[in-house]
Ligand SMILES: NCc1[nH]cc(CCC(=O)O)c1CC(=O)O
């Protein structure tokens, strides 16, 4: 028997590892492989090393992916497992997102200390979040709240909440579920009011273009509806080409062969928000996302992206 015939590259955070384990489990099940056949290789990325500043301030795309992609290129690993949300819309030459696993709940979860629901937070309460999109959505819904920078891994954030540093925080429901921490969720935010980030809740597998051995191994893991929804959401994101300082939200839902997309761009202070929606055949997923991006851009006007 061959050992470690497949190497999975991943970030070393608990969430990233949980995603890599899930991918390994599915590969084992699909091909009847023993656990030893698949090695998980944890790697540190710039996004993991820099903990004291909001990601948007550090700038640059691919903070969580670059080192892993280099290893993929160099053949040190065979596939990379990522949260789709963390992957830039343009990938390095020779690599592609070959497969998406079935998407988990894409919604944002609210975790409150003294209140369960986000809407029940008292006037002036403190909410921890470093995501530009969540900050803008919070300010839009509740301009009275105080928002504080809040990075670090999921466990750190929950500890800060428990210690009373903040009255509430937001995390992706999917990440909490994958960590087995779904019980901390006190409220789930409906996309009508709190639109998630494009790609939220979906695990993407990146591999080398033309690697037929890997393509064959991954094929049974592919979830078609997720791939279609993500084609739309990532087209929206890619064609907006907002700087990493632009809060962008977007979610595609597939229902009976039809795709419905909702997208939004906001100013970081939440005072300006432009909403767009699109609908059509799943065959046109990317075009629906692209068209929505063009329309919302036109709505917002040329100055929207440079004013702040
Ligand atoms: N860089 C943060 C990040 N990237 C992906 C997830 C959650 C899991 C997902 O969206 O699939 C998170 C944490 C969070 O937003 O709560």
What do you reckon, is residue 223 in contact (Cβ under 8 Å) with a residue 40 or more places away in the chain, more than 24 Å from residue 137 (Cα to Cα) and either under 20 Å from the mean Cα position of the chain (by Cα) or buried (at least 17 other Cβ atoms within 10 Å of the Cβ) (or both)?
-> yes
Members of segment 138-165 found to be within 13 Å of the ligand (Cβ to nearest atom), in contact with a strand residue (DSSP E or B) (Cβ under 7 Å, 6 or more places away or on another chain) and assigned to a loop (DSSP other than H, G, I, E, B), listed by number = 150
Single match in 215, 291, 284, 269 (criterion: touching a residue at least 12 places away in the same chain (Cβ under 8 Å), over 20 Å from the mean Cα position of the chain (by Cα) and either in the same structural domain as residue 64 (by TED's automatic domain parsing) or part of a strand (DSSP E or B) (or both)) = 215
Output the number of residues of segment 7-18 satisfying the condition of being assigned to a helix (DSSP H, G or I) and either outside the structural domain of residue 77 (by TED's automatic domain parsing) or surrounded by 24 or more Cβ atoms within 10 Å (Cβ to Cβ) (or both).
-> 1
Counting only residues that are out of contact with any helix residue (DSSP H, G or I) (no Cβ under 9 Å at 6 or more places or on another chain) and in a loop (DSSP other than H, G, I, E, B), which one in segment 166-195 is surrounded by the fewest Cβ atoms within 10 Å (Cβ to Cβ)?
-> 192
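Quick one: would you say residue 155 is outside the structural domain of residue 271 (by TED's automatic domain parsing) and within 27 Å of residue 250 (Cβ to Cβ)?
Working: outside the structural domain of residue 271 (by TED's automatic domain parsing): yes; within 27 Å of residue 250 (Cβ to Cβ): no.
Judged against the criteria, residue 155 is not a match.
The values are calculated or read from the model by the stated rules, or taken from the named source; none is laboratory data. The model shown is predicted, which means the values in this text are computed figures rather than measured ones. With ideal geometry, Cβ positions are generated from the backbone for all residues, glycine too; neighbour counts draw on all protein chains shown.
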